[in-house]
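Below: the structure, in structure tokens.
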Amino acid sequence: MTKLTSMAESSKGCELCPLAKQGRTQVVFGDGNIDADIVFVGEGPGFYEDKQGKPFVGAAGKLLTQLLESIGLKREDVYITNVVKCRPPQNRDPKPEEIEVCTNEYLFTQIKEIKPKVIATLGRFASAVILGLKDVSMGRVHGQKFKKDSYFVVPIYHPAAALHSRANLEPLAEDFKKLKEYLEEKPEVMRGPEAEQMGLF
Ligand code: URA
């Protein structure tokens with residue numbers, strides 16, 4: 001059993017934060033390929049995710065699947081998870097204390113175990129958490145890659161934003177094309193002092 005499988009198993013009865021007692025059906029740990037080059041991090045499970053126990057299975061998830069397919073990826077090729085693993089009531093924003101407990105207990109270990117090349121953060125919450133910032137402006141950072149530890153963080157708009165306003169769909173689709181480019185880059189050819197100066201390593 002891998003560390004992630006046993007962690008997923010032991011997370012099932014998690015009561016570390018108040019979300020445990022606020023109407024969740026189950027913990028939604030994460031899903032996909034634990035050897036993936038890319039991990040997608042969303043905000044938190046919604047209604048359908050809470051019922052099915054899998055991340056991104058509702059309307060935003062369907063769009064995420066289509067966007068993955070647009071760059072030649074299947075859901076089984078990637079790993080998908082969320083900042084918080086339990087559904088916040090009425091899909092409210094996760095609170096700072098919930099984010100802190102849940103990421104320290106689960107998300108950061110998931111990333112360490114999977115060791116992806118790229119982490120695509122979906123929306124403001126995930127982007128701020130993974131970049132270690134208080135807040136980020138998605139309009140300013142989306143589609144760019146930021147070197148963090150051994151991986152690149154690429155903030156992209158949350159698919160739900162494109163469901164709310166179709167105007168957000170094009171930038172999201174463009175960001176997926178960039179994700180594909182970043183995944184195909186061969187960092188070893190760039191190794192050297194110049195690459196270091198450019199913040200690539
Ligand atoms: N939105 C998220 O942020 N995560 C999900 O799993 C589903 C919708």
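Comparing Cys14, Cys86, Cys102 in a Gaussian network model of the chain where C-alpha atoms under 10 Å apart are linked, the largest mean-square fluctuation is found at Cys14. On the full set of protein chains, 1.4 Å probe, figure out the accessible area of His158 and give it in Å² to the nearest 10. Here the accessible area works out near 40 Å². Counting only the Cα atoms, the chain fills a convex hull of 118 Å³ per residue. A crude spin-label estimate for the pair Ser6 and Ser165, with each label 7 Å from Cα along the Cβ direction, gives 4.8 nm.
Converting phi to 3J(HN,Hα) with the Karplus coefficients 6.51, -1.76 and 1.60 and the offset θ = phi - 60°, segment 76-86 yields 5, 7, 10, 10, 10, 8, 9, 4, 10, 8, 10 Hz in sequence order, with x at every glycine or proline. Per residue, the accessible area of segment 24-197 comes to 50 Å² when a 1.4 Å probe rolls over the protein heavy atoms.
Extending 7 Å from the Cα toward the beta-carbon at both Gln52 and Glu181 defines two label points whose distance is 3.2 nm. For the chain, with all protein chains in place and a probe radius of 1.4 Å, 51% of the accessible heavy-atom surface sits on carbon or sulfur. When you restrict to C-alpha pairs under 8 Å that are six or more residues apart and normalise by the size of segment 24-197, the relative contact order lands at 24 percent. The length gained on full extension between Asp149 and Thr109, counted as 0.36 nm times the residue separation minus their Cα-Cα distance, comes to 13.0 nm. For the listed residue pairs Lys62/Lys178; Lys62/Lys117; Lys51/Lys134; Lys51/Lys147; Lys51/Lys180; Lys62/Lys180, the alpha carbons are over 28 angstrom apart in Lys51/Lys134; Lys51/Lys147; Lys51/Lys180.
With helices as the sole contributors, the chain gives -11000 deg cm²/dmol at 222 nm; each DSSP H run of n ≥ 4 counts as -39500 (n - 2.57), and the sum is divided by every residue. Karplus-based coupling profile of segment 145-160, in residue order and whole Hz: 10, 10, 6, 9, 6, 9, 9, 9, 9, 10, x, 9, 4, 5, x, 4, with θ = phi - 60° in 6.51 cos²θ - 1.76 cosθ + 1.60 and x standing for Gly or Pro.
Extending 7 Å from the Cα toward the beta-carbon at both Asn91 and Gln22 defines two label points whose distance is 1.6 nm. Result for the chain in a Gaussian network model with C-alpha springs under 10 Å: among Asp149, Asp31, Asp135, the largest mean-square fluctuation is at Asp149.
The values are calculated or read from the model by the stated rules, or taken from the named source; none is laboratory data. Because the structure is a prediction, the values reported are computed rather than measured. Glycine also receives a Cβ, built like all others from the backbone with ideal geometry; neighbour counts cover every protein chain displayed. Each accessible area value is taken on the protein alone, full model and side chains, heavy atoms only, with ligands, DNA and RNA left out. Shrake-Rupley method; radii C 1.70, N 1.55, O 1.52, S 1.80 Å.
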